[in-house]
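This report concerns only the one structure given below.
Every number in this text was worked out from the coordinates using simple rules, so none of it is lab data. For clarity, every value in this text was computed on a predicted model and none was experimentally measured. Cβ sites come from the backbone with ideal geometry, for glycine too, and all protein chains shown count toward neighbours.
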Amino acid sequence: MNYILTAFFIVIGFILYENIRLYLCKKSIPIRIQVNGTRGKSETVRLVHAALTAMGYRVLGKTTGTVPYWILPGGSFKKINRIAPANIQEQYKLIYKAKKMKCNAVVAECMAVNQEFQSACARIIQPGITIITNAYTDHVQEIGENEIQTLKTLLLSIPQGSMVVLGDISPDGKLFLEVQAVMKNLKLYEKDESFTVQKNEFRFNVFEDNIRTALKTAELLGGNLDTSYQGMKEVSPEVGSFKFLKLNSSIILANAFAANDLLSTEKLFEYSKKTFPDKAMIALFNPRDDRQDRTLCFESFLSGDRFKKILSTHRLPSKMSKNIEYSVIKDVRKIAELVPENSLVFGFGNIRDISAWLMTLEVEQ
């Protein structure tokens, strides 16, 4: 019995110690920003980090996107090496690491999916500002089947009394959030629409909504928008960022693999088609073989006459393949041999297993 009591008090003591340590670390970091949403979180983290750095803050950032990174003070990147799957305990490491590096600001991607972990993120980081990039339908079982249900889940990551910057949220979604803001004492802010943004000044194809939410965040912290904008223009792309890549002299790959929901994919398709109107459109679908529900979401996108040819890295579910004519490609490195010259290969679905290949391709200027 004495052993059990001793073990019990040791556990309680450890929990109290960790809570006190976390509290003191957070107290030394006055600016804590969280980026949540369905798409664009990693890009927005990098933009906010650059904006705050330009404002004079010493900032530690953390992304959990295609490749997880620490964004160190000054803007350099350090890959997060994991020996196990992503774990919410990394959010504790963010706070402790920022304290050790004498940072006065952190900006982190919310790495939670289900409701329980969304609430845990709120407790661990206790952000003063949360950015909601969007609330597209994804992770249906964990988050929700539509925008409103998704927003309900995302709200769990936001503490009482916080500021919230809204990205691409529909009028109905904003109305829902306005009601919730009253109940949770939240202050809602629209993304900055007044500042003139020239996307061609950036090093890669940045989503304008992400630029504008980062600008509003900088403004809420008293930053000069011109200074913040200049800082953001120096951000380098990551492997998952949407960009056009060269397969050969006449065949272009549109890297939309990381935008693995239907709405984002459709937007990038229209942009790609507008950018290269004279090229034949070829689909390169990289579905999650372990997420059939996500694969099925793209059935309507693959149907019809969008594409001259459809290639897939895996076999499609039988209910899809009945209506869609496609070929399985076993080695994506040989795709230029399978499509006609002067083609635009639109790559989408998921970036898993092909990021190393993408990093070998030259960006189309």
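DSSP assigns beta bridges within region 184-320; of those with both partners inside it, close to 50 percent run antiparallel. Report the relative contact order of the chain, percent, no decimals, based on alpha-carbon pairs under 8 angstrom and at least 6 residues apart. Here the relative contact order equals 16 percent.
Quick one: longest stretch of the chain between exposed loop trypsin sites (Lys or Arg not before Pro), exposed meaning at most 11 other C-beta atoms within 10 Å and loop per DSSP? Maximal segment without exposed cleavage sites: 103-321. The stretch between residue 353 and residue 20, if pulled fully straight at 0.36 nm per residue, gains 115.8 nm over its current Cα-Cα span.
Provide the percentage of antiparallel DSSP beta bridges, counting only those with both residues in the chain; round to the nearest 5.
Numbers: 12 of 50 bridges.
That works out to approximately 25 percent antiparallel.
Proximity of backbone amide H atoms, modeled 1.01 Å from N, is registered between residue 32 and 106, 128, 129 at under 5 Å, excluding neighbours fewer than 5 places apart on the same chain. Net length available on complete extension from residue 195 to residue 361 is 56.4 nm, with 0.36 nm assigned per residue and the Cα-Cα distance removed.
What 222 nm value per residue comes from the helices of the chain, counting each DSSP H run with n ≥ 4 as -39,500 (n - 2.57) and dividing by all residues, nearest 500 deg cm²/dmol? Each step should come with its number before you reach the end.
Details: 13 runs with 137 residues, N = 365.
Computed mean residue ellipticity for the chain: -11000 deg cm²/dmol.
Placing +1 on each Lys and Arg Cβ and -1 on each Asp and Glu Cβ, with no other charges, gives region 173-308 a dipole about its Cα centre of roughly 220 debye.
From the cross-link list 99/199; 62/233; 27/233; 79/334; 246/308, which pairs have alpha carbons spaced over 24 Å apart? Before the final figure, lay out each step's value.
Details: 99/199 35 Å; 62/233 19 Å; 27/233 31 Å; 79/334 29 Å; 246/308 19 Å.
Over 24 Å Cα-Cα: 99/199; 27/233; 79/334.
In the set (i) 27, 54, 19, 0; (ii) 29, 59, 12, 0; (iii) 28, 55, 16, 1, which value of P(r) over Cα pairs in 20 Å bins from 0, in percent was calculated from the structure you see? Here the calculated entry is (iii).
Straight Cα distances below 20 angstrom link residue 184 to the lysines 152, 174, with same-chain residues fewer than 8 positions distant left out. Put in order of Cβ neighbour count within 10 Å, fewest first, the listed residues 331, 192 become 331, 192.
So which GluC sites (Glu not before Pro) in region 153-230 end up in coil per DSSP with only 13 or fewer other C-beta atoms within 10 Å?
Details: sites: 178, 190, 193, 201, 208, 219; in loops: 193.
Answer in residue order: 193.
Shown in residue order for region 283-288 are the 3J(HN,Hα) couplings computed by the Karplus curve 6.51 cos²θ - 1.76 cosθ + 1.60 at θ = phi - 60°: 8, 10, 9, 10, x, 7 Hz (x for Gly and Pro). Per-residue Karplus couplings for region 298-308, computed as 6.51 cos²θ - 1.76 cosθ + 1.60 with θ equal to phi - 60°, are listed in order as 8, 4, 5, 5, 7, 7, x, 10, 4, 10, 6 Hz, Gly and Pro entered as x.
Using the count of nearby Cβ atoms within 10 Å as a rough guide to exposure, how do 117, 77, 257 rank from fewest to most? Numbers along the way, then the final one.
Values: 117 19, 77 15, 257 25.
Fewest-to-most Cβ neighbours within 10 Å comes out as 77, 117, 257.
Can you classify region 232-295 as rounded, prolate or oblate using the Cα gyration tensor, where a ≥ b ≥ c are the square roots of its eigenvalues, rounded means a/c under 1.5, and otherwise it's prolate if a/b beats b/c and oblate if not? It comes out oblate by the Cα gyration axes.
The relative contact order of region 258-323, computed from alpha carbon pairs under 8 Å that lie at least 6 residues apart in sequence, is 37 percent.
Taking 0.36 nm per residue of separation and subtracting the current Cα-Cα distance, fully stretching the chain between residue 342 and residue 101 would add 81.7 nm.
Given axes a ≥ b ≥ c from the Cα gyration tensor, I'd like to know whether region 223-352 is rounded (a/c under 1.5), prolate (a/b larger than b/c) or oblate.
Working: a/c = 2.07, a/b = 1.54, b/c = 1.35.
It is prolate, given that a/c is not under 1.5 and a/b is the larger ratio.
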